[in-house]
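The values are calculated or read from the model by the stated rules, or taken from the named source; none is laboratory data. What you see is a predicted model, and the numbers here were worked out from it, not measured in a lab. Reconstructed Cβ throughout: ideal geometry from the backbone, glycine too, with neighbour counts over all protein chains shown. The area values use the complete protein model at the heavy-atom level, side chains included, leaving out ligands, DNA and RNA. Shrake-Rupley method; radii C 1.70, N 1.55, O 1.52, S 1.80 Å.
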Protein chains: 2
Amino acid sequence: MESAIPDHLKTARTRHPRVGDDYVPPYPAFVARHKPSVARVVMAYFGLQFLAADEQAASAPLEQAVTAFKAEDGPGHWDRARYTDEAGYETIITIAYWDDPARFDSWFASYGAAWAGEDKTNVPFGFFTEILRPSITRYETLFSSAGRMEGIAVVADGLSDMVQEHAYWGGMRDRIPLSQTSDMAPAGSPQATGANGYLRVVPHENLCLIRSGQDWTDTDASERQLYLDDVEPVLRVGMDFLRDEGLSCGCFASRYMRVVGADGKSVEKSFGMSWWKSLSALERWAESHPTHVAIFGAAMKYLMALGPSAKLRLYHEVTVAAADEQFFEYRNCHPKTGMLRAV
Amino acid sequence: MESAIPDHLKTARTRHPRVGDDYVPPYPAFVARHKPSVARVVMAYFGLQFLAADEQAASAPLEQAVTAFKAEDGPGHWDRARYTDEAGYETIITIAYWDDPARFDSWFASYGAAWAGEDKTNVPFGFFTEILRPSITRYETLFSSAGRMEGIAVVADGLSDMVQEHAYWGGMRDRIPLSQTSDMAPAGSPQATGANGYLRVVPHENLCLIRSGQDWTDTDASERQLYLDDVEPVLRVGMDFLRDEGLSCGCFASRYMRVVGADGKSVEKSFGMSWWKSLSALERWAESHPTHVAIFGAAMKYLMALGPSAKLRLYHEVTVAAADEQFFEYRNCHPKTGMLRAV
């Protein structure tokens, strides 16, 4: 067992972790490990928003994005997911990851900035770009099992051994290296700027992003049914709550998305991604809101029933971003898209 | 809203509370307040253990205890509860509270020490005495509503206004004044000493005691039914787990007890009282063990359904005791009684 915080990111603490040195988690979990040379990563969400009637036309920008990713300095990993948003718009987001911000900057200038940054004429789409480029000290990952990485972890160097800081409330915070010295409290509130169908969001300090996913690819028929019948509906209620009423508890925007493959068809993976006023707001919802207590209870019942034989894979990545590590722009999007809901 | 830690017990912190200054709990709760002159309290559990066939004979020592409490320097408050223990013994515990350890010492020397300290001949009972005398900095209380005190709070000066440190995991710890400067980690492990039917337990540092109760006296018929049908059975499963398998998660002994009135008959109040290796062990069970997650879920569902109209009263008191604040003795008790299970 090892600490989720790698040795080279350990600092003299001014704040304590929530559990003692003797804490032993009741089941294993793992975190992504980067090479010590990696100081900053980039998580870029390129969104396309359209009405169902325009589905066919959407393939052009989606294909352009794929082509762009193959260019020099393109992402180390990307994937794509979709959902229908609260206003009824189809939304396909292509998510790309880099572990070198210089390469990202180079790529973005040539291929990425145009996505939502350039004016579009005569296309029935909204475009948005939501980017975090956190210091390595400002995010954490967690995986329930080894063997198949997701998200930022795909561009990491590998996976840790079993880590200590999980399976208790507060583990998420304790896995973020910056928690050794900072409470990561939010400061300020997001503001919008722009006009004529182009808006940017001027962010605030210590905004929080979570991407939390499940992969039932490997489940056999009975486990799949248990997941789809007993867990997924409870998860959906919680995700619906965050999408529709999340502002009441500090969740600016939430998307419960289904991962799609290269052919655009759904695969057996989903995730929720949500923007939060702060890590604390996310903690409070997760720990005490009835919708997440129900999710936690359903997941626990499921995992207790299956034990180590469970083939469901769970993972998440959580970032607390400084204001200057955030970038949001929305073009031709409806006025409650993503972080626009927060302003 | 105010801090659960009264001003006169605030110290320069070396450890942070789990929530920020801006945290606002989603519903009210209150804590007991002592006069600043109170530096230490006493919680004394006088247990009587017998087989059901000897019930009638049990009335004599129970009456003697009541008489003794009326003597000079007797407790400021006492109550009584019973349960059938895991070995099948009836157990009646009379619990007495003082807010002045000098008065307790005086009373105990004259009237209390004999309870389990003196040899008994020809009585079919076991006697045990379990006492904590914590510094005021080493315990906390919590009440869901004002108006009817229980336990140590009855000898307090009154109740606080709504407090900030509750309704999140870690609130219990944050309400204990000593948490400002100590992690309250356990040190050592309990040892037994004695022979010939008289055993004492030599305690370890930072043992933890919780008494956590519910009072459905004021509920109307429909709320009472909801509590008894939907909450109590889930609570009982958790209490049974702690009683029978608690050692697996650091719970030395657990008693799920029904309060009895002056006539010995049950009233509409119950509580769990349990001895724990540490506050951390209690935290981990409460936060993540399936049995308590189920209790938490059932209680939350109940309180969500009823809203502010709920008449169920909930309270608890939690102490983390230094080794020299503990006293345990067992006479003629079966070998797994109370803290004897821990050694």
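Below are the figures for this structure:
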{"read-out": "Residue that is farthest from the other protein chains (Cβ to nearest Cβ), among those in the range A:277-290 that are closer than 19 Å to B:SER288 by Cα and of a type outside the set (Ser, Thr, Tyr)", "value": "A:LEU282"}
{"read-out": "Among the candidates A:ASP99, A:ASP105, residue that is within 26 Å of A:ALA156 (Cα to Cα), touching a residue at least 60 places away in the same chain (Cβ under 8 Å) and either open to solvent by 20 Å² or more (accessible area, probe 1.4 Å) or hydroxyl-bearing (Ser, Thr, Tyr) (or both)", "value": "A:ASP99"}
{"read-out": "Single unsatisfied condition, B:SER37 versus (1) small (Gly, Ala, Ser); (2) open to solvent by 70 Å² or more (accessible area, probe 1.4 Å); (3) in contact (Cβ under 8 Å) with a residue 24 or more places away in the chain", "value": "(3)"}
{"read-out": "Qualifying residue in the range B:263-276 (condition: outside any strand (DSSP E or B), within 12 Å of another protein chain (Cβ to nearest Cβ) and open to solvent by 50 Å² or more (accessible area, probe 1.4 Å))", "value": "no"}
{"read-out": "Test result for A:ARG284, of a type in the set (Lys, Arg) and under 24 Å from B:TRP285 (Cα atoms)", "value": "yes"}
{"read-out": "Residues of the range A:1-23 that turn out to be more than 21 Å from the chain's Cα centre (by Cα), open to solvent by less than 100 Å² (accessible area, probe 1.4 Å) and of a type in the set (A, V, I, L, M, F, W, C), as a count", "value": "3"}
{"read-out": "Matching option when the condition is more than 22 Å from A:GLY88 (Cβ to Cβ), of a type in the set (Val, Ile, Thr), in contact with a Cys (Cβ under 8 Å, 6 or more places away or on another chain) and within 14 Å of chain B (Cβ to nearest Cβ), among A:VAL293, A:VAL320, A:VAL234", "value": "A:VAL320"}
{"read-out": "Within the range A:289-298, considering residues that are assigned to a helix (DSSP H, G or I) and open to solvent by 30 Å² or more (accessible area, probe 1.4 Å), the one farthest from A:ALA32 (Cα to Cα)", "value": "A:PRO290"}
{"read-out": "The lone exception for A:SER189 - which of (1) under 30 Å from A:ARG33 (Cβ atoms); (2) assigned to a loop (DSSP other than H, G, I, E, B); (3) over 20 Å from the mean Cα position of the chain (by Cα); (4) not basic (Lys, Arg) it fails", "value": "(1)"}
{"read-out": "Any chance A:TYR256 is touching a Leu at 6+ places or on another chain (Cβ under 6 Å) and under 30 Å from A:ASN122 (Cα atoms)", "value": "no"}
{"read-out": "First in the range B:264-284 and on the phi > 0 side of the Ramachandran plot, second anywhere and crowded, with 22+ Cβ neighbours inside 10 Å and acidic (Asp, Glu), Cβ under 7 Å, 6 or more apart", "value": "none"}
{"read-out": "Residue in the range B:67-77 that is open to solvent by 20 Å² or more (accessible area, probe 1.4 Å), over 30 Å from B:VAL163 (Cα atoms), in contact with a strand residue (DSSP E or B) (Cβ under 9 Å, 6 or more places away or on another chain) and in contact (Cβ under 8 Å) with a residue 40 or more places away in the chain present", "value": "no"}
{"read-out": "Residue satisfying condition, being surrounded by fewer than 16 Cβ atoms within 10 Å (Cβ to Cβ) and of a type in the set (S, T, N, Q), within set A:THR121, A:THR129, A:THR141, A:THR137", "value": "A:THR121"}
{"read-out": "Every residue from the range B:299-325 that is open to solvent by 20 Å² or more (accessible area, probe 1.4 Å) and among the small types (Gly, Ala, Ser)", "value": "B:ALA299, B:ALA305, B:GLY307, B:SER309, B:ALA310, B:ALA323"}
{"read-out": "Near pairs, Cβ below 6 angstrom, 6+ apart or cross-chain, from the range B:165-190 (away from chain A (no Cβ under 12 Å)) to any residue that is in a loop (DSSP other than H, G, I, E, B) and open to solvent by less than 20 Å² (accessible area, probe 1.4 Å)", "value": "B:GLU165/B:ALA4; B:ARG175/B:ALA4; B:ARG175/B:GLU165; B:PRO177/B:ILE5; B:GLY188/B:HIS204; B:SER189/B:HIS204; B:PRO190/B:HIS204"}
{"read-out": "Number of positions in the range B:236-262 that are open to solvent by less than 50 Å² (accessible area, probe 1.4 Å) and either touching a Phe, Trp or Tyr at 6+ places or on another chain (Cβ under 8 Å) or in a strand (DSSP E or B) (or both)", "value": "14"}
{"read-out": "Filter pass, B:LYS311 being closer than 18 Å to B:SER248 by Cα, part of a loop (DSSP other than H, G, I, E, B), of a type outside the set (Gly, Ala, Ser) and more than 14 Å from chain A (Cβ to nearest Cβ)", "value": "no"}
{"read-out": "Subset tally (residues that are part of a strand (DSSP E or B), farther than 16 Å from A:LEU132 by Cβ and either open to solvent by 40 Å² or more (accessible area, probe 1.4 Å) or free of Cβ contacts under 8 Å to residues at least 60 places away in the same chain (or both)) for the range A:192-214", "value": "6"}
{"read-out": "Selection status of B:ILE152, open to solvent by 10 Å² or more (accessible area, probe 1.4 Å), away from every other protein chain (no Cβ under 14 Å) and modelled with pLDDT of 95 or more", "value": "no"}
{"read-out": "Residues located in the range B:5-30, provided they are out of contact with any strand residue (DSSP E or B) (no Cβ under 8 Å at 6 or more places or on another chain), more than 13 Å from chain A (Cβ to nearest Cβ) and either of a type in the set (A, V, I, L, M) or in a loop (DSSP other than H, G, I, E, B) (or both)", "value": "B:ILE5, B:LEU9, B:LYS10, B:THR11, B:ALA12, B:PRO28"}
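Yes/no matrix, rows are residues, columns are (1) touching a strand residue (DSSP E or B) at 6+ places or on another chain (Cβ under 7 Å); (2) modelled with pLDDT of 95 or more; (3) under 22 Å from A:THR319 (Cβ atoms):
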position	(1), (2), (3)
A:MET184	yes, yes, yes
A:ALA195	no, no, no
A:ARG200	yes, yes, yes
A:TRP216	yes, yes, no
